[in-house]
Amino acid sequence: MRRSQSREARDPALQARENLTLTATAKRLLPWLVAVGFFMESLDTTILNTAVPAIAQALKVPPLSMKAVLASYTLSLAVFIPISGWMANRFGTRRVFASAIGIFTLGSFLCGLSSDIHVLVACRVLQGCGGAMMLPVGRLTMVRTFAKSELIGAMSLVAIPGLVGPMLGPLLGGLIIAYFHWSVIFFVNIPIGLCGLVLVYRHLPNYREQRNYPLDIVGLVLFGSGVSLLSYVLEVFGETSLSGREILGLLAISAALLGAYGLHTVRTPHPLLRLGLMRIRSFRVAMTGNMFTRLGIGGIPFLLPLLYQVGLGFTPIQSGLLIMPQALAAMTLKLTMPMILKRFGYRRVLIINTVALGLMIFLFSTIEAVTPVWVIVLMAFAYGFLTSLQYTSMNTLAYADVNERQASSASTIASTVQQMAVSFGIAAASLAAAFFVPDRIHSTEAEMIHGIHLALLVLGGLTIASTIVFNELRTGDGDAVSRHKAELSSG
């Protein structure tokens, strides 16, 4: 008994919880404080997609070159998310979360002032540094504050802004482009961020570990350099003076860096990412499936605004309205997803749904100027449901066979892989479009439409091919998670 008490007294998390007294008001506000970061990130990404053609015109660059503005943000998330847990343990959740909001807000302000695409990309990287800390640290604060019986309800409140942001983003982006300067898109984050900073300093609990393991600096350098170099090659491929031999050389260096990181994780007691979790089949399938599936669907939010605005001549507002049903479907049909997973199982759902997503992308390639608007709206709604079911399935499968001790590391890997996949998906979409559009600067509307249509066919094929990953699943994999989810939704 005495040993057990001494262990609990040395447990930093328990000690932090015992030493911290939250008022009822602060506890009620906590989900909404964490939701501020979620809302800023989800709104920022979706609002920018609609504005890509207008910003490209203002900066005097081809629309397809704007992929660097989108990919640089998600890539910086992937590079810096792994150190978020260490930062929170070292400096405290309140300080890190507040700093993250401040950095993200500053990055938004500088993005709005940018007059050059290279400066804009650099400022987006700064935004990503802040965003990388917001999501993981916010979740960590929630887990340490609420008991398990309260956590589900609290996290459901946090999820609401993550759904509202994608729904409002495309329309709000269209309205801003139609009536204001494009920089207002980034300035929208400033009042939200400032209000969030004040509330965080007043009400967010400050959990901090008494003992923290040393930061894996070598791992951070190897992993960050390898991923960044790989992303750079994907972005410049097809539009650079580099020779094929030089491109292959950069790819080899990137592979060597990532391979060196893999060896490093075996030899260090506290690696940046615990890759040993990949030995768990359900977790491995969830991660590889996330990566390969998003290569096909990750760039669709980038291509559709180009198709609607540059190709078909829709206004930014009309483009936003046509994309809005995707988020609306994800929100309205979210409660049906646990029941679908319980009824059919993860293996069947992921295989069938991935094929359906590929076929849906094929259908997008048939959109012409004469296509009725109501048909496009129905397609967007169906696609929104399918993508939401795909993400929900892959994200929850990751925790099916992970125990509580491994959950933190699994969450870090999952967040990192997700952001890497989004970045690579944008690069793949842009590369496919650039290959099929003969002259991105002087191409006609017909040539742009034809090129994007062919790019969509390629992405649809990649999506269908990714079903190979899910064949590794066995019947019954993830049943514990799906049963738990279904019970929660029915209750």
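Each value in this text was obtained by applying a stated rule to the coordinates, not by laboratory testing. Everything quoted here is computed from the prediction, not taken from an experiment.
You can think of it this way: the chain between residue 284 and residue 221 has 20.3 nm of extra reach, that is 0.36 nm per residue less the Cα-Cα gap. Gyration tensor analysis over the Cα atoms of region 239-302 returns equivalent ellipsoid semi-axes of 27, 22, 9 Å (largest first, whole Å).
Across all Cα pairs in region 329-382, the calculated P(r) in 5 Å bins from zero up to the longest distance comes to 4, 16, 20, 22, 17, 11, 6, 3, 0 percent per bin. Find the relative contact order for region 170-270 and round it to a whole percent, using C-alpha pairs within less than 8 Å whose residues are 6+ positions apart. In percent, rounded to a whole number, it is 30. For region 296-412, the alpha-carbon radius of gyration amounts to 1.24 times the rule-of-thumb value 2.2 N^0.38 Å expected for a compact globular protein. Remark: region 286-351 is approximated by an ellipsoid whose semi-axes, taken from the C-alpha gyration tensor as √(5λ), come to 30, 17, 7 Å, largest first.
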